[in-house]
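Single-structure report; data block below.
The values are calculated or read from the model by the stated rules, or taken from the named source; none is laboratory data. No experiment lies behind these values; they were computed from the predicted model shown. When we count neighbours, we look across all protein chains shown, and the Cβ atoms used for this are built from the backbone with ideal geometry, even at glycine.
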Amino acid sequence: MNPFEMVVLIVAIATIGRIMTAKYGVRKDRHGNDIVVDNAENARLRDEIKTLKERVAVLERLATDTNSAAALDREIEKLR
């Protein structure tokens, strides 16, 4: 095997490895550990973040609103 064939073979092996990694959704973190990409988990976390942002917005509005204490109590009860 001449050096040119060896270089082509190494490039082909590396390319096939990258294609397989992309196909199966395996990524590496900073420490070299495999991370499997899970779209369902990502979607669940996005929904949870959206819900938490909505709750924070309501709590910010309650904290800065100048309504009476009774209205504040009603708003807090709605959140439960």
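Conditions: (1) modelled with pLDDT of 90 or more; (2) touching a strand residue (DSSP E or B) at 6+ places or on another chain (Cβ under 8 Å); (3) hydrophobic (A, V, I, L, M, F, W, C). Ile35 meets all but one. Number of the miss?
It is condition (1) that Ile35 fails.
Under the condition of being loosely packed, with under 10 Cβ neighbours inside 10 Å and of a type outside the set (Asp, Glu), which residue from the stretch 54-78 is modelled with the highest pLDDT?
Residue satisfying both the conditions and the ranking: Lys78.
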